[in-house]
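Throughout, read-outs are computed from the coordinates displayed, never taken from laboratory work. None of these values were measured; they are calculated from a predicted model. Here the Cβ positions follow ideal geometry from the backbone for every residue, glycine too, while neighbour counts run over all protein chains shown.
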Amino acid sequence: MKTENKLGFWVALLSALFAVIWFVTFNMQDVFQSVPDWKNLQAYAKTFHISRLTYIYPSLLLAITYLIMLAAIHRIVPEEKKIWSLAALAIGIIYAAMASINYNIQAVAVRTSLATNETGGIEMFLPDNNHSIFTALANSYIYMSLSLFLLGFAFKTGKKEKWIRWLLFAQLISAVGQTAYSMFDASDALFIASSMVWVIGAPAAFVLIALWFRKNTYNSNF
């Protein structure tokens, strides 16, 4: 299990790092570049620069490291807990697939279309359009939050594990909040409040999971 613990330690730390970088860059879009209203597609394309989409790259990396972390956890948890780690991995794959498709569309199709001023039909893929396909696929984080919630059941009740469990269980709030906002038109305040549960809780959980892997490297009694 030494390989799983070492790999798990690094991908858990990287997952925390990518989640933090995503949050920072996502909230600095207008700092990197301010663009006109997306409804004026010609002006939007003329002034748009890929720097505004900086946040898509840590998101693409997070999808990879998160799945590897889940696989490593599944390998080392006790047999009776594997149903939970496997369920978390299964739902995590849905998240990673949706996020990877969404951000690859931005990095390739949207970027090159705007660069060449080919704007026909592109409005349904623009992140600045709150009713776009991008926004729909951003619900990938609902699946990630559900995956994290299920993962909580895979941990025992040691001191560190209790913190991990509660941070992971709290992600259900994020899943419910984003579902209510995107599918049932709940308020912006609910969305922001529930999203902060992921923004703070997920990176914190990843760091604790990394320390859990580190502890397991020197202790074979899981």
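Couple of notes before you dig in:
- Value of relative contact order over segment 1-119, rounded to a whole percent, pairs C-alpha under 8 Å and six or more apart: 34
- In sequence order, calculated HN-Hα J values of segment 133-145 (Karplus, 6.51, -1.76, 1.60; Hz; x Gly/Pro): 4, 4, 5, 5, 6, 5, 5, 3, 6, 5, 5, 5, 5
- Residue range of the chain that is longest and free of trypsin sites (Lys or Arg not before Pro) which are both DSSP loop and sparsely packed (at most 16 other C-beta within 10 Å): 40-155
- FRET efficiency, residue 130 to residue 10 (Cβ-Cβ, R0 35 Å, nearest 0.05): 0.45
- J(HN,Hα) series, segment 165-178, from Karplus relation 6.51 cos²θ - 1.76 cosθ + 1.60, nearest Hz, glycine and proline x: 4, 6, 5, 6, 4, 5, 5, 4, 4, 5, 4, 5, x, 5
- A DSSP coil position with no more than 15 other Cβ atoms inside 10 Å describes none of the chymotrypsin sites (Phe, Trp or Tyr not before Pro) in segment 13-57.
- Across the chain, the relative contact order, built from alpha-carbon pairs under 8 Å that are at least six residues apart, equals 26 percent.
- Dipole moment magnitude, nearest 20 debye, the chain about Cα centre, only Lys, Arg, Asp, Glu C-beta charged: 1080
- Entry for Cα Rg over 2.2 N^0.38 Å (calculated from the structure that is shown) out of [x] 1.27; [y] 1.10; [z] 1.22: [y]
- The chain, helix-only ellipticity at 222 nm - DSSP H runs n ≥ 4, -39,500 (n - 2.57), divided by all residues, nearest 500: -23000 deg cm²/dmol
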